Amino acid sequence: MPPPEDSVVVRLTGDPIDASRDIALARRTSIGAEVTFSGVVRGESKGRRVTVLEYEAYPEMALAEMRRLVSEARSRFRLEGAVFVHRTGRLLPGETAVLVWTASSHRAEAFGACQFLVDGMKRGVPVWKKEHYDDGAVWIEGDGGVQGRGPDCE
Amino acid sequence: MKFRFFASARDAAGVADLVFDLGPGPSTVSDALARLSERSPGLGQDMGRWLSARNQRFAKPGDALEDGDEIAIFPPVSGG
């Protein structure tokens, strides 16, 4: 795959995420500050053992929203490179579900852009997780909620 | 009009998608959702639980419909 012209990799994939490959694709020259966030599947949720975490996307809209967030981050944070990858399908605890990598001349911008993309994803990218336990499974609705209920307060 | 359902909305609908003619009259997303509720009681019994998108952008109830629109119904997102 040739490196993208604009130093941006946005992808949904059913395969295990290969962070170093995707970052290498996006990294054109040494830009200065690079920040990497990985969202990793936890083996436990609210006291229950999670056996599998299943992710589903509305693919066309998820990609459009991810690209839109990167575009916004470019202008807000002078982002010079980005990787934004979400994996779908059945993941095991310890596997990476989402990778966000940002590059900018200065660290404040790289950190800010990374946070912006992760927060934006949590709020508005159409992907959903289903937690599988030993004795059942449930779709998680919203950031922390369980199906049929609103977000839990912590 | 084509409807697509995701996650628990698909479970509630019992199908991944639905295509039906809204008939004369309906002109907004809100109208389309009302017709959908009638067609799919599984979704309709808890319509406030779902979000909607029109042509892959989040929709507001007052948004105008056009021929060939795709409406997606889904719970609040939980990616990452």
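Miscellaneous remarks
- The test for being of a type in the set (Ser, Thr, Tyr), crowded, with 20+ Cβ neighbours inside 10 Å and at pLDDT 95 or above does not hold for A:Thr96.
- Residues within the range B:26-68 that are within 14 Å of another protein chain (Cβ to nearest Cβ), in contact with a Phe, Trp or Tyr (Cβ under 9 Å, 6 or more places away or on another chain) and assigned to a helix (DSSP H, G or I), tallied: 1
- Residues in the range A:49-58 include at least one that is in contact (Cβ under 8 Å) with a residue 40 or more places away in the chain, of a type in the set (Lys, Arg) and more than 14 Å from chain B (Cβ to nearest Cβ).
- The set of residues from the range B:16-45 being open to solvent by 40 Å² or more (accessible area, probe 1.4 Å) and more than 23 Å from A:Ala57 (Cβ to Cβ) comprises B:Asp21, B:Pro24, B:Gly25, B:Ser27, B:Ser30, B:Asp31, B:Ala34, B:Arg35, B:Glu38, B:Arg39, B:Pro41, B:Gln45.
- Yes/no for B:Phe5 being among the hydrophobic types (A, V, I, L, M, F, W, C) and in contact (Cβ under 8 Å) with a residue 60 or more places away in the chain: yes
Conditions tested, residue by residue: (1) closer than 17 Å to A:Val70 by Cα; (2) modelled with pLDDT of 95 or more; (3) touching a His at 6+ places or on another chain (Cβ under 7 Å).
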position	(1), (2), (3)
A:Pro2	no, no, no
A:Asp6	yes, no, no
A:Gly14	no, yes, no
A:Ser20	no, yes, no
A:Ile23	yes, yes, no
A:Arg27	yes, no, no
A:Phe37	yes, yes, no
A:Arg42	no, yes, no
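- Note on the range A:69-90: residues that are in contact (Cβ under 8 Å) with a residue 40 or more places away in the chain, open to solvent by less than 70 Å² (accessible area, probe 1.4 Å) and outside any strand (DSSP E or B) total 5.
- Residue match in the range A:139-154 (condition: at pLDDT below 95, surrounded by fewer than 16 Cβ atoms within 10 Å (Cβ to Cβ) and in a strand (DSSP E or B)): yes
- For the range B:69-80, the set of residues classified as in a loop (DSSP other than H, G, I, E, B) and either open to solvent by 70 Å² or more (accessible area, probe 1.4 Å) or among the small types (Gly, Ala, Ser) (or both) consists of B:Ser78, B:Gly79, B:Gly80, listed by residue number.
- Filter result (closer than 21 Å to A:Glu56 by Cβ, of a type in the set (D, E, K, R) and part of a strand (DSSP E or B)) within the range A:1-44: A:Arg11
The values are calculated or read from the model by the stated rules, or taken from the named source; none is laboratory data. Because the structure is a prediction, the values reported are computed rather than measured. Quick reminder, even Gly has a Cβ in these numbers, built from the backbone with ideal geometry, and neighbours come from all protein chains shown. For the accessible areas, the whole protein counts, side chains as well, though only heavy atoms, and no ligand, DNA or RNA atoms are used. Shrake-Rupley method; radii C 1.70, N 1.55, O 1.52, S 1.80 Å.
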